[in-house]
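Trainee: First the structure, then my questions, so here it is.
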Amino acid sequence: MIEADQVFALSLALGELATNAQKYGVWSDDKGRVLIEWTQRRGQFELIWREVGGPPVIEPATSGFGRELIEAALSHEFRGEALLKFDPAGVVFTLRSSSIGQEPADQISGLPPVTATVAPEI
C-alpha cells in the first residue's frame, strides 16, 4: 500500500513532469503522448512515465529544483530509486520502491500492470 507521504511526493513529481512536458517536451506539439504504467505487488511499487512522439529531447545542462524533487525526494519517500532519463526519443521517469514488509493479505497481486495514455486537450 502506498503511504500518504508517498502519494503527496508522487503528486508533486507528476505535476512537475506534466509541466515540463507541456513547456518543453512531448505536449509542446499535438503529436506527443505520455504513457504511464504502474504495478504494485509483493510490497513493491513501480511507476514508469514515458514520453513518445514529441520533439527530440536534449538533457538540460544543469540540474534544477524539479529534477531534485523528482529524483531525491521520491527516492527518499519510496525508499527506492527514482531515475529521470533524457532519451532523445522522449523523457523516461522510473520509480521503484524497495520491498517494505510483507504484502497485506487483502492486496491483489499477480495482475497485469495498469497502463494509461495521457494526451492534453489542446
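The values are calculated or read from the model by the stated rules, or taken from the named source; none is laboratory data. These numbers come from a predicted model, not from an experiment. As a convention, Cβ positions derive from the backbone with ideal geometry for all residues, glycine included, and neighbour counts pool all protein chains shown. Ligands, DNA and RNA are stripped out before the accessible areas are found, and what is left, the full protein with its side chains, is counted by its heavy atoms. Shrake-Rupley method; radii C 1.70, N 1.55, O 1.52, S 1.80 Å.
Trainee: Got a sec? Which of G101, G15, G54 is of a type in the set (G, A, S), out of contact with any His (no Cβ under 9 Å at 6 or more places or on another chain), at pLDDT 90 or above and assigned to a loop (DSSP other than H, G, I, E, B)?
Mentor: G54
Trainee: Continuing with the same structure: Which ones in region 59-88 are of a type outside the set (S, T, N, Q) and in contact with a strand residue (DSSP E or B) (Cβ under 7 Å, 6 or more places away or on another chain)?
Mentor: Selection gives E59, R67, I70, E71, L74, F78, G80, E81, A82, L83, L84, K85.
Trainee: I'd like the full set of residues that are open to solvent by less than 60 Å² (accessible area, probe 1.4 Å), of a type outside the set (S, T, Y), more than 13 Å from F93 (Cβ to Cβ) and part of a strand (DSSP E or B), limited to region 26-42.
Mentor: Q40
Trainee: Would you confirm, using the coordinates I've provided, whether F45 is part of a strand (DSSP E or B) and of a type outside the set (K, R)?
Mentor: Answer is yes for this residue.
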